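As structure tokens, the structure follows; a few thoughts come after it.
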Amino acid sequence: MSDKSLLDLAYDYVEKSKGSVTFKALWKAVCKAKGYDEETANKKVSQFYTTLLLDGRFVTLGENKWDLRSRHTFDKVHIDMKDVYSDVEASDSDDVEEEVEEKEYNEVFEEKVIDRNDEIEADVSEDDESEEDK
């Protein structure tokens, strides 16, 4: 049983490997080093995965393979978010729905503005009449 953190154990394991490792192999090695039984391993696996994702020393290579970031150049492991979002195209029906919603909103807003202007004009007229009475 090791006193090292789960991430430090994972780092040591990946560092000793010659290349990328699967998450399953990585988690199995970390659990063995920590002496986890199956129940404990099942309780901790999701937290480990999350911290692994957030730790800057590791990089996912796809297909659930992991490696050390230091072994890879930036351009090989960087994901440009513009490319990710450009893959998701809005359908024509979504555009039509948005246009209808915007038109309805504008119509309601215009009605409120017109109603409010009428109220203001009525208030001004009443004020003018009351000043004439004085």
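The values are calculated or read from the model by the stated rules, or taken from the named source; none is laboratory data. Quick caveat, the model's predicted, so the values are computed rather than measured. Ideal geometry is used to build each Cβ from the backbone, glycine not excepted, and the neighbour counts take in all protein chains shown.
Miscellaneous remarks
- One residue stands out among those in the range 45-66 that are over 17 Å from Tyr11 (Cβ atoms) and out of contact with any helix residue (DSSP H, G or I) (no Cβ under 7 Å at 6 or more places or on another chain): the one that is modelled with the highest pLDDT, which is Ser46.
- Looking across the range 11-44, the residues that are touching a residue at least 12 places away in the same chain (Cβ under 8 Å) and among the aromatic types (Phe, Trp, Tyr) come down to Tyr11, Tyr13, Phe23, Trp27.
- Residue match in the range 10-32 (condition: surrounded by fewer than 16 Cβ atoms within 10 Å (Cβ to Cβ), more than 24 Å from Ser70 (Cβ to Cβ) and of a type outside the set (Val, Ile, Thr)): yes
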